[in-house]
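The values are calculated or read from the model by the stated rules, or taken from the named source; none is laboratory data. Quantities reported herein were computed from a predicted structural model and do not represent experimental measurements. Glycine also receives a Cβ, built like all others from the backbone with ideal geometry; neighbour counts cover every protein chain displayed.
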Amino acid sequence: MTATLLPPTGADTAPARPERAVGVRRRTPVGTVVTHLCLIIGVILSLFPFYWLIVMSTSTTGEIFGYPPKLVPGTHLLENLRNMLANVDLLSALGNTLIVSLSLAVLVMLFDSLAAFAFAKYSFPGSRVLFSILLVTFLLPGSLSLVPSFVLMSKLGWVGGLQALIIPGAANAFGIFLLRQFAAGAIPNELIESARIDGAGFFRTWWTVAIPMLRGGLAFLGIFTFITAWNDYVWPLIVLVNPQKQTLQVALSTLNSVYGTDYGQVMAGALVSVIPLIGIFLIGSRHFIANIAAGALKG
Amino acid sequence: MAISESARPGTATRPASFAEAPDGERRRRPLRSYWPQYVAVAPFYILFLVFGLFPVVFSVVLSFTQWDGISKLKFVGLAQYAFLVQDPRFWTSVANTLIIWVISTLPMLFLALLMAFILHQNIRGKGFYRVAFFIPNVTSLVAVAVVFSSVFSDSFGLINNALTALGAANIPWLSSDWGIKVTIAVMVIWRYTGYNAIIYLAGLQSVPTDLYEAARVDGASSTQIFFRITIPLLRPVILFTLITSTIGGLSLFTEPQVLFGTGASASSAGGPGDAGLTIVLYQYVQAFFNFDFGYASAIAWALFVLSAVVAFINFRLLRDRDDAMGDRKVPMFQRRRAAARARSRAAESDAVSASRQTREEVRS
């Protein structure tokens with residue numbers, strides 16, 4: 001299904017993987033059971049906090065801290081949600097988060113694919129130097145610039161506005177680097193040439209030739225950017241000074257510090273902030289994980 | 001790279017700004033004919049100049065000043081750094097950060113290796129396990145901190161309740177020095193173990209299977225294979241995860257910030273006894289509670305230096321082991337060079353075959 005989405009370079013020359021004689025030969029039934037047992041313990045440890053989140057968000061605070069603890073979901077989800085919404089405007093925070101995450105995903109896909117296409121398929125004076133600069137920018141740590149960035153935002157009059165979250169991240173080195181790898185392998189030069197013969201300029205070629213062939217990489221970059229933006233906390237916490245205009249994570253943190261004793265409603269808020277993201281991740285999980293791993297090995 | 005890839009004998013119908021043009025011809029073309037490419041790459045560089053480079057330069061300047069963001073900026077030379085080296089709270093934050101980094105990174109990377117090693121075997125349901133292990137990584141830190149703060153709550157938290165049920169004494173997770181550090185480390189371990197395991201798994205899949213096979217034939221046990229083959233061959237990948245974990249671990253902020261609801265006052269920022277006060281949390285308190293922008297910038301640069309030093313030590317640790325295994329008759333510098341060459345070759349072929357492998361997997 002995804003074969004066409006990935007750069008085909010090398011795939012054909014890859015030697016057929018030998019049958020995994022290693023595992024097969026020595027594997028006893030007992031060994032298999034032990035292996036799966038280890039993995040299942042791992043899965044339980046990974047997923048238990050989610051289960052516990054569901055249990056807590058559907059229980060009253062009294063039930064959560066009772067002894068012996070209640071280990072199955074309760075029936076108070078709606079009540080918890082109502083209490084939570086009465087205290088924190090989580091819906092508008094949800095809206096703000098959606099605006100920021102979606103805008104960032106779209107802008108990053110747009111600007112990064114333009115730059116990646118130019119770097120991968122065209123040679124122009126200074127292109128090598130510019131690309132080297134791009135790689136060096138990976139090394140600059142974000143925490144260095146929290147204070148000066150805040151000062152800059154206040155000079156621009158952006159403090160408290162969502163543009164302070166969107167504009168600075170609208171193009172990034174990671175995405176350009178990633179898509180450039182995709183573009184170098186996935187877009188045949190012949191196609192670009194025939195587009196040119198048909199009279200298409202750079203931007204038209206980008207839109208009609210590059211974008212369709214890059215859609216696998218673009219999908220990954222879009223989801224990755226969306227998830228990162230959705231979970232971002234430090235910068236929104238600093239720059240969104242208006243309590244009426246928050247993102248989901250900041251609102252959740254406020255809810256936790258102000259109404260921390262009412263666990264039921266705090267957990268209901270946490271549930272709202274976690275579910276959409278897990279849904280999105282599960283839809284594209286396979287492709288997503290493969291790309292994360294490949295990206296790490298390349299980098 | 002792209003240039004050489006697409007280098008072909010030129011044709012009469014060469015595109016206006018196409019990479020295939022031989023150098024001589026390219027130079028003759030006026031610069032303005034490349035405007036679409038410059039426009040295409042411009043957004044990143046403009047944004048980087050304004051929101052990336054300028055703040056970093058500005059933060060150097062700020063670290064030599066006394067400024068609250070409103071009144072007139074006053075240059076004080078190295079006074080902020082002089083204060084920094086004798087500020088006990090700063091050193092507390094450094095110690096906390098390093099301790100939490102060590103007690104989270106070491107178990108995390110070891111567990112991840114183990115997990116990847118198990119997943120690499122020929123087992124059913126690999127896809128399911130990978131997704132299940134990766135889910136924590138896409139969960140927001142704030143939600144993680146909120147859930148874990150209840151699980152580790154001193155009175156009637158799930159863990160202390162379980163300890164009570166087992167007849168054991170309760171542990172003051174959120175009010176004792178080590179309890180706080182362990183709680184934060186557990187959150188980090190929970191969120192990133194699966195992520196690192198997935199990266200190791202991709203690395204493992206790039207190791208040729210005949211190596212394992214040969215070891216099996218020679219009668220090596222799984223444990224021997226893990227420590228003698230898997231770990232040495234994964235060294236470049238381990239270095240990558242170690243560096244990533246260092247950069248992430250030393251800028252730890254969200255977990256303690258949410259855990260102790262920093263916001264009420266600057267003095268209680270790191271929880272009881274400042275046990276959860278990390279460097280970035282301290283920087284945040286100085287900047288946005290005490291409005292001491294100059295001092296906060298000095299802290300930021302101290303963190304930068306610390307990260308660079310720790311990353312360098314990581315690098316040396318993993319590198320020097322190569323030398324230890326090298327041929328002792330060869331002079332030191334030659335051995336190093338040979339090792340470096342072998343390593344870079346290995347890393348290259350690793351990366352190539354890993355991406356190939358990943359692709360294969362996606363296809364299947």
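If only one of B:Ile70, B:Ile46 is outside the structural domain of B:Val309 (by TED's automatic domain parsing) and at pLDDT below 90, which one is it? Let's see the steps before the verdict.
Working: B:Ile46 fails: at pLDDT below 90.
Only one candidate passes the filter, namely B:Ile70.
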Count of residues meeting criterion [within 28 Å of B:Gly69 (Cβ to Cβ) and touching a residue at least 40 places away in the same chain (Cβ under 8 Å)] in region B:232-256: 7
Qualifying residue in region A:276-292 (condition: under 29 Å from A:Ile54 (Cβ atoms) and assigned to a loop (DSSP other than H, G, I, E, B)): yes
Listing of helices (runs of 4 or more DSSP H) fully contained in region B:206-280 that carry 2 or more residues being closer than 27 Å to B:Ser104 by Cβ and not aliphatic (A, V, I, L, M): B:222-225, B:235-250, B:254-259
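Would you pick out the residues in region A:129-163 that are farther than 30 Å from A:Asn242 by Cα and either in contact with an Asp or Glu (Cβ under 8 Å, 6 or more places away or on another chain) or at the interface with another protein chain (Cβ under 8 Å from one of its Cβ atoms) (or both)? I'd like the intermediate steps shown before the answer.
Pass one, region A:129-163, residues farther than 30 Å from A:Asn242 by Cα: A:129-139.
Listed by number, the residues that qualify are A:Leu130, A:Ile133, A:Leu134, A:Thr137.
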Criterion violated by A:Tyr122 - all others in (1) in contact (Cβ under 8 Å) with a residue 12 or more places away in the chain; (2) closer than 30 Å to B:Ala287 by Cα; (3) hydroxyl-bearing (Ser, Thr, Tyr); (4) at the interface with chain B (Cβ under 7 Å from one of its Cβ atoms) satisfied: (2)
B:Arg228 more than 9 Å from every other protein chain (Cβ to nearest Cβ), surrounded by 15 or more Cβ atoms within 10 Å (Cβ to Cβ) and of a type in the set (Lys, Arg): no
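Identify, from the list A:Val100, A:Val147, A:Val88, the residue that is touching a helix residue (DSSP H, G or I) at 6+ places or on another chain (Cβ under 9 Å), buried (at least 18 other Cβ atoms within 10 Å of the Cβ), within 30 Å of B:Ala311 (Cα to Cα) and aliphatic (A, V, I, L, M). Step through it out loud before you land on a result.
Details: A:Val100 fails: within 30 Å of B:Ala311 (Cα to Cα); A:Val88 fails: within 30 Å of B:Ala311 (Cα to Cα).
Within the list A:Val100, A:Val147, A:Val88, the selection yields A:Val147.
Name every residue in region B:100-113 that is hydrophobic (A, V, I, L, M, F, W, C) and surrounded by 17 or more Cβ atoms within 10 Å (Cβ to Cβ), in order of residue number. Give the derivation first.
So the first thing to find is which residues in region B:100-113 are hydrophobic (A, V, I, L, M, F, W, C), and the list is B:100-103, B:106, B:108-113.
Selection gives B:Ile100, B:Trp101, B:Ile103, B:Met108, B:Leu109, B:Leu111, B:Ala112, B:Leu113.
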Cross-chain or 6+ apart pairs with Cβ under 6 Å, region A:180-205 first and more than 22 Å from A:Gly216 (Cα to Cα), then of a type outside the set (Lys, Arg) and crowded, with 18+ Cβ neighbours inside 10 Å: A:Glu193/B:Pro15; A:Arg196/B:Pro15
Test: residue in region A:252-273 that is among the hydrophobic types (A, V, I, L, M, F, W, C), at pLDDT 90 or above and either in contact with a Pro (Cβ under 8 Å, 6 or more places away or on another chain) or surrounded by fewer than 20 Cβ atoms within 10 Å (Cβ to Cβ) (or both): no
Residue match in region B:167-179 (condition: surrounded by 15 or more Cβ atoms within 10 Å (Cβ to Cβ), on the phi < 0 side of the Ramachandran plot and either within 18 Å of the chain's Cα centre (by Cα) or modelled with pLDDT under 85 (or both)): no
Selection from region B:120-164 of residues that are surrounded by fewer than 23 Cβ atoms within 10 Å (Cβ to Cβ), of a type outside the set (S, T, N, Q), more than 30 Å from B:Leu204 (Cβ to Cβ) and at the interface with chain A (Cβ under 7 Å from one of its Cβ atoms): B:Val151, B:Phe156, B:Leu158
Every pair of residues 6+ apart whose Cβ atoms lie under 6 Å, when the first sits in region B:50-71 and is touching a residue at least 12 places away in the same chain (Cβ under 8 Å) and more than 7 Å from chain A (Cβ to nearest Cβ) while the second is small (Gly, Ala, Ser) and surrounded by 15 or more Cβ atoms within 10 Å (Cβ to Cβ): B:Ser63/B:Ser297; B:Ser63/B:Ala298; B:Thr65/B:Gly294; B:Gln66/B:Gly294; B:Trp67/B:Gly294
Out of B:Ala300, B:Ala275, B:Ala287, B:Ala296, sole residue that is touching a helix residue (DSSP H, G or I) at 6+ places or on another chain (Cβ under 6 Å) and free of Cβ contacts under 8 Å to residues at least 12 places away in the same chain: B:Ala287
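Residue-by-condition table, conditions (1) within 7 Å of chain B (Cβ to nearest Cβ); (2) among the aliphatic types (A, V, I, L, M); (3) surrounded by fewer than 17 Cβ atoms within 10 Å (Cβ to Cβ):
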| site | (1), (2), (3) |
| --- | --- |
| A:Ser194 | no, no, yes |
| A:Gly199 | no, no, yes |
| A:Phe203 | yes, no, yes |
| A:Trp206 | no, no, no |
| A:Ala210 | no, yes, no |
| A:Gly216 | no, no, no |
| A:Phe220 | no, no, no |
| A:Ile223 | no, yes, no |
| A:Ala229 | no, yes, no |
Elements of type helices (runs of 4 or more DSSP H) in region A:183-262, at least 1 residues being farther than 19 Å from B:Phe288 by Cα: A:189-197, A:202-205, A:215-231, A:248-258
Cross-chain or 6+ apart pairs with Cβ under 6 Å, region A:277-296 first and more than 15 Å from B:Tyr129 (Cα to Cα) and more than 7 Å from chain B (Cβ to nearest Cβ), then modelled with pLDDT of 85 or more and in a helix (DSSP H, G or I): A:Gly284/A:Ile223; A:Asn291/A:Phe220
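Given A:Leu53, A:Leu77, which one is under 28 Å from B:Ile189 (Cα atoms) and either surrounded by fewer than 18 Cβ atoms within 10 Å (Cβ to Cβ) or in contact with a helix residue (DSSP H, G or I) (Cβ under 6 Å, 6 or more places away or on another chain) (or both)?
Values: A:Leu77 fails: under 28 Å from B:Ile189 (Cα atoms).
Sole residue among the options that is under 28 Å from B:Ile189 (Cα atoms) and either surrounded by fewer than 18 Cβ atoms within 10 Å (Cβ to Cβ) or in contact with a helix residue (DSSP H, G or I) (Cβ under 6 Å, 6 or more places away or on another chain) (or both): A:Leu53.
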